[in-house]
Amino acid sequence: MPVKQPLLQYDQVLRAWPQLRGHFRGRTQVAEAELQAFFDHALPAVTAAVWPAVRQGLVRSQLLHQVAPGLVTFSGTPAQAMFKPELASAHVALWQQLQAQLALPLGSLWSTRWLRPVLPEIPARLVVEVNWAELQWATRLIGSSAQFRLADSSSVVDTDSREAVLLRPVQRASPVRRVQGVPTARLEKMLVDAGELPDLITSDEALAGAVATLATRYRLQPDHLLQYAARHNAGARWEALLGSLAA
């Protein structure tokens, strides 16, 4: 039985892998267009038509990882670490209080401070999501707290020392994970929310820079990001934004 053509090219790429890595030595991210230019010179059989099948094999074998459409990173780079924030004890206590007093399932909690290293201008907010039917009760609970207050985007001068909480209805099918027992937003959700929430208002330029930096350090899943963005009418914006990184 003849060997399928893309498999032949995949084997050629594996044999040429040391040469390819040497060509891109020191690089953590590479645009697929750059890889194709390398193949045009070193492996002409790896055409644009067969590249998707070859890429799939490289991703499956974890030699490559897709960062964004048209942008990949090599294995063994810091991009493979999972982003895992450290929750403040006060945040864990607030979540436990909400969990004890609210009857319906909760959403998630995350702090914009986690994005400050890549989005230094983002307002400091603790984003808390609860079921819409519990918003009124959660509002009263947070309003009576000695450590937290509801964020007031209309206030020009902020003199309240309590941490500002941005309370919103739970966003269904959000990318979340548990950290210290608390459901927290994954990077994909934080980035989309940072670009869409009126209280945060983050520009495309700032978000693109944040994604480019984060992708060199952590595992960022563009498919999950785009799916979540699409559910919140931001799919086109993020497709264009991620596409610009690969240009």
Can you name the residue in segment 180-233 that is among the charged types (D, E, K, R) and over 26 Å from GLN62 (Cβ atoms) and, of all such residues, is nearest to the chain's Cα centre (by Cα)? ASP193
Being outside any helix (DSSP H, G or I) and exposed (fewer than 14 other Cβ atoms within 10 Å of the Cβ) is the filter here, so list the residues in segment 48-70 that pass it. ALA48, ALA49, SER61, GLN62
Candidates THR28, THR73 - the one that is crowded, with 19+ Cβ neighbours inside 10 Å and closer than 23 Å to LEU207 by Cβ: THR73
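Conditions tested, residue by residue: (1) modelled with pLDDT of 90 or more; (2) touching a Gly at 6+ places or on another chain (Cβ under 6 Å).
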| residue | (1), (2) |
| --- | --- |
| ARG186 | yes, no |
| ALA212 | no, no |
| ASP223 | no, no |
| TYR228 | yes, no |
| ALA246 | no, yes |
If you check GLN19 against the conditions, is it at pLDDT 85 or above, over 25 Å from SER244 (Cβ atoms), among the polar types (S, T, N, Q) and not in a loop (DSSP other than H, G, I, E, B)? yes
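Quick grid of which residues meet (1) farther than 27 Å from ALA215 by Cβ; (2) modelled with pLDDT of 85 or more; (3) out of contact with any strand residue (DSSP E or B) (no Cβ under 9 Å at 6 or more places or on another chain):
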| site | (1), (2), (3) |
| --- | --- |
| GLU32 | no, yes, no |
| GLY76 | no, no, yes |
| GLU86 | no, yes, no |
| ALA93 | yes, yes, yes |
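The values are calculated or read from the model by the stated rules, or taken from the named source; none is laboratory data. Note that the structure is predicted; figures quoted are calculated from it, not measured. Reconstructed Cβ throughout: ideal geometry from the backbone, glycine too, with neighbour counts over all protein chains shown.
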